[in-house]
Amino acid sequence: MTAYADVDEVIDAWARANVKKLFTEWAGEAARFAYLRGLRPLECFQISIDPPRSGRFTVSARSVDTDDGSEFERLWEGPVEDASVMLEDATEVVRTWANRPTTDGS
């Protein structure tokens, strides 16, 4: 059983609906994260999920690369029961970042 056993079903459902690939390992350790494309060429964002601890769950969203040097990061923390809501909120925030106006106003 992995550290994510309590939330893997929720994470998998979110991943099927929102991302092309859910990564489940990093440096030989269990992990859960995914990349979301920006609407602009070469832009990339990441949503990562920390393993639940003491019934709590953490989701973070961040920019990996943007075409204008913008940096974004946001964190959600709450009970495991709110995992689905936090993942949907993170996805919506990333979509907002991806849809921001360009610096030239277009």
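Considering amide H positions built from the backbone, and no H for Pro or chain starts, which residues 5 or more places from ARG32, or on another chain, come under 5 Å of its amide H?
Long-range HN contacts for ARG32: ILE49.
Using a 1.4 Å probe, what is the accessible area per residue for the chain, in Å²?
Working: 6640 Å² over 106 residues.
Value returned for the chain: 63 Å² of accessible area per residue.
Where does helix 8-18 land angle-wise versus the long Cα axis of the chain, in degrees 0 to 90, nearest 10?
Roughly 20 degrees between the two axes.
Using Cα atoms only, what is the angle between the long axis of helix 83-98 and the major principal axis of the chain, expressed in degrees (0 to 90) to the nearest 10?
So the helix axis and the longest Cα principal axis differ by about 10 degrees.
Given a cut-off of under 8 Å on Cα pairs at least six residues apart, what relative contact order in percent is computed for the chain?
Numbers: 168 pairs, mean separation 23.9, N = 106.
This gives 23 percent for the chain.
State whether the stretch 1-57 is rounded, prolate or oblate according to the following rule on the C-alpha gyration tensor (a ≥ b ≥ c being the square roots of its eigenvalues): a/c under 1.5 gives rounded; otherwise a/b larger than b/c gives prolate, and the remaining case gives oblate.
Values: a/c = 2.30, a/b = 1.87, b/c = 1.23.
Prolate shape, in that a/c is at least 1.5 and a/b is the bigger ratio.
Can you match Kirkwood radius over Cα pairs in Å to one of these, (1) 13.7; (2) 14.4; (3) 16.2, based on a calculation from the structure here?
(2)
In whole Hz and in residue order, list the ³J(HN,Hα) couplings for the stretch 28-42 that follow from phi through the Karplus curve 6.51 cos²θ - 1.76 cosθ + 1.60, θ = phi - 60°; x for Gly and Pro.
These are the phi-based 3J(HN,Hα) values: x, 10, 4, 8, 9, 7, 8, 10, 10, 5, x, 7, 8, x, 6 Hz.
What is the local net charge at ASP65, summed over the other residues whose Cβ is closer than 12 Å to its Cβ (Lys, Arg +1; Asp, Glu -1)?
Values: positive: ARG37, ARG40, ARG62; negative: GLU43, ASP67, ASP68, GLU71.
Surrounding charge for ASP65 is -1.
The values are calculated or read from the model by the stated rules, or taken from the named source; none is laboratory data. Since this is a predicted model, take the numbers as computed values, not measurements. Quick reminder, even Gly has a Cβ in these numbers, built from the backbone with ideal geometry, and neighbours come from all protein chains shown. For the accessible areas, the whole protein counts, side chains as well, though only heavy atoms, and no ligand, DNA or RNA atoms are used. Shrake-Rupley method; radii C 1.70, N 1.55, O 1.52, S 1.80 Å.
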